[in-house]
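Undergrad: After the structure tokens below, expect a handful of questions from me.
The values are calculated or read from the model by the stated rules, or taken from the named source; none is laboratory data. What you are looking at is a predicted structure, and each value in this text was computed from that prediction instead of being measured. Remember, those area values only see protein heavy atoms, side chains included, never the ligands or the DNA or RNA. Shrake-Rupley method; radii C 1.70, N 1.55, O 1.52, S 1.80 Å.
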Amino acid sequence: MNVVLCADEGYARFGAVVMASAIANASRPERLRFFVLTPGLEEDTAERLRKVVEKGGAALHIIDVDVQALQGLQAGRFGIAALLPLLMHRYLPVDCERVIYLDCDVLVPLSASLVVQMAISPESHSERVV
């Protein structure tokens, strides 16, 4: 199951909590594949994220995003990382046909697989990211 988060240095620790809660509530955490889109993280921050996710048995891919395409857009008080979901289709691997996007201010109190089971069938939203 592909899970996407977007975080800069300031929100990375909150992203770690989101991923840890998803792992803790997953019936099969080894099936979770996290993608963190970022305008840049310090290496020690990236390493801490890897430890949290790998300790839980899941996979983590940290993807540095070129934010030039977002220059001039206003993100308000949130910063450029809040706009990164707009670019996820450019950076995720081709085998990511469906994803769950989570903001860095949520907890996952139930198995994400239940969310997928409740989602509409892929045929009804062939071009939409879930």
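Undergrad: To the nearest 10 square angstrom, how much accessible area does Leu49 have with a 1.4 angstrom probe?
TA: 10 Å²
Undergrad: Shifting gears a bit: Mind checking the per residue accessible area of the stretch 1-87 for me, 1.4 Å probe, whole number of Å²?
TA: On the way: 4590 Å² over 87 residues.
For the stretch 1-87, the solvent-accessible area averages 53 Å² per residue.
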